[in-house]
Amino acid sequence: MKFYSVKMRASLNDRHVSGGERITTEESIQKVVSELLTRPKEFDFVNIKIEKINNIKFIEKSLDIKTINVKNHKEGNEIALKLLEEVGIDREIAKAYIDLLHTGANPDRENMRGAMIITRSGKRVEKDRYRGVRTTNVDFLHREEVKKILLEKKYTERTLDALALSTKNLNHPDIIAEYCISDQPDYTTGYVAVNNTYYRINPLKEYSNPKGGRIYFVKDDTDIEELYKYLQEESFLIKEVGSLE
Ligand code: COA
Ligand code: AMP
């Protein structure tokens with residue numbers, strides 16, 4: 001079967017405001033384009049990119065999802081640090097970079113356009129500290145079915161997309177963990193992905209904070225060129241959703 005990648009990105013006043021992607025069959029391209037176009041609420045530029053995928057790979061199951069509700073973002077981050085410690089990431093190293101994410105991780109102390117990459121021993125190794133690295137080219141094989149399952153359990157489409165992205169990340173043997181908070185000031189739920197589980201932590205950031213981003217924690221001997229290629233270029237479809245709590 002032939003698969004196509006369909007990507008949408010929108011900006012307003014030269015600022016990225018919305019992005020999304022699908023991996024779909026030829027017959028569904030038009031439908032998917034229309035759906036993606038409903039995403040940005042306001043824009044002055046939209047780019048739609050459609051590419052045939054030559055070498056699609058499959059991941060059998062997504063990460064499992066667990067939700068942790070906490071009193072406030074401080075408690076949320078304590079739990080995040082414990083989860084990261086469990087996979088051998090030093091508490092002080094994790095805390096320093098998490099604090100940076102909450103206050104602006106690019107050199108101008110604004111948000112990055114992608115993720116930071118931090119090694120286990122605490123080195124920051126993404127190639128460009130404004131851009132970071134963006135994970136793309138991933139979707140669920142039966143997206144609509146998985147979406148229905150998630151919505152029934154009161155999860156959102158945002159979780160569906162983040163779960164796909166995070167599943168691709170943790171499928172790489174050198175990525176140990178991911179930490180994520182949105183850059184939207186009113187969206188305070190974040191997640192930590194470790195040990196084949198997507199821990200949705202509510203809240204993980206302070207309400208009204210416009211800062212956000214992602215941290216990928218990697219092994220010390222990670223080949224960064226290869227990692228960029230994997231995250232940005234290799235295409236994956238996820239066959240099934242993991243267990244939901
Ligand atoms: N944040 C800020 N700026 C972004 C951006 C983002 N998330 N994505 C794209 N841009 C802007 C940047 O200026 C970028 O230039 P840069 O590469 O120097 O940073 C420019 O748009 C072009 O980016 P490019 O990566 O070529 O865009 P694209 O047309 O390939 O689209 C997206 C990429 C938006 C689809 C992808 O980045 C994304 O975010 N995908 C969503 C992932 C996802 O949810 N997957 C799960 C699906 S189930
Ligand atoms: P979002 O999940 O869209 O709220 O994005 C939160 C933050 O994650 C952004 O501010 C970026 O720093 C980063 N980000 C956005 N898209 C990606 C991506 N595709 N891969 C990695 N990081 C991303």
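Here are a few things to note about the model shown:
- The requirement of being in contact with a Ser or Thr (Cβ under 7 Å, 6 or more places away or on another chain) and not in a strand (DSSP E or B) is fulfilled somewhere in segment 102-123, by at least one residue.
- For beta carbons closer than 7 Å, sequence separation of 6+ or different chains, a first residue in segment 153-167 that is modelled with pLDDT under 95 and a second that is surrounded by fewer than 22 Cβ atoms within 10 Å (Cβ to Cβ), the qualifying pairs are Lys153/Leu244; Glu157/Lys147.
- Condition check for Ala80: assigned by TED's automatic domain parsing to the domain that holds Asn196, touching a Phe, Trp or Tyr at 6+ places or on another chain (Cβ under 7 Å) and surrounded by 15 or more Cβ atoms within 10 Å (Cβ to Cβ): yes
- Positions within segment 191-201 being in a strand (DSSP E or B), more than 14 Å from ligand 1 (Cβ to nearest atom) and touching a helix residue (DSSP H, G or I) at 6+ places or on another chain (Cβ under 8 Å), in sequence order: Val192, Val194, Tyr199, Arg200, Ile201
- Selected residue (criterion: farthest from Thr222 (Cα to Cα)) from residues of segment 166-190 that are away from ligand 2 (no atom under 11 Å from the Cβ) and either in a helix (DSSP H, G or I) or of a type in the set (Ser, Thr, Tyr) (or both): Thr188
- Boolean, Ile175 is out of contact with any His (no Cβ under 9 Å at 6 or more places or on another chain), at pLDDT 95 or above and open to solvent by 50 Å² or more (accessible area, probe 1.4 Å): no
- Single residue of Ile181, Ile238, Ile224, Ile201 found to be β-branched (Val, Ile, Thr), surrounded by fewer than 20 Cβ atoms within 10 Å (Cβ to Cβ) and over 15 Å from Ile89 (Cβ atoms): Ile224
- For segment 133-152, the count of residues that are more than 13 Å from the chain's Cα centre (by Cα) and among the polar types (S, T, N, Q) is zero.
- Screening Asp108, Asp99, Asp128 for residues that are surrounded by fewer than 17 Cβ atoms within 10 Å (Cβ to Cβ), at negative phi, free of Cβ contacts under 8 Å to residues at least 40 places away in the same chain and away from ligand 1 (no atom under 16 Å from the Cβ) leaves exactly one candidate, Asp99.
- Residue check, Thr135 modelled with pLDDT under 95, hydroxyl-bearing (Ser, Thr, Tyr) and open to solvent by 10 Å² or more (accessible area, probe 1.4 Å): no
- Any hit, segment 40-52, residues being free of Cβ contacts under 8 Å to residues at least 12 places away in the same chain, open to solvent by 30 Å² or more (accessible area, probe 1.4 Å) and on the phi < 0 side of the Ramachandran plot: no
- Only listed residue being more than 11 Å from ligand 2 (Cβ to nearest atom), part of a helix (DSSP H, G or I), under 25 Å from Leu244 (Cα atoms) and not charged (D, E, K, R), chosen from Leu204, Leu163, Leu227: Leu163
- Filtered by the rule that a residue be part of a helix (DSSP H, G or I) and within 27 Å of Thr136 (Cβ to Cβ), segment 73-92 gives Ala80, Leu83, Leu84.
- Being polar (S, T, N, Q) and under 11 Å from the mean Cα position of the chain (by Cα) holds for only one residue in Thr222, Thr167, Thr189, Thr156, and it is Thr167.
The values are calculated or read from the model by the stated rules, or taken from the named source; none is laboratory data. On a predicted model such as this, the values are computed, not experimentally measured, just so you know. Don't worry about glycine lacking a Cβ; one is built from the backbone with ideal geometry, like all the others, and counts go over all protein chains shown. With ligands, DNA and RNA removed, areas are computed over all heavy atoms of the protein, side chains included. Shrake-Rupley method; radii C 1.70, N 1.55, O 1.52, S 1.80 Å.
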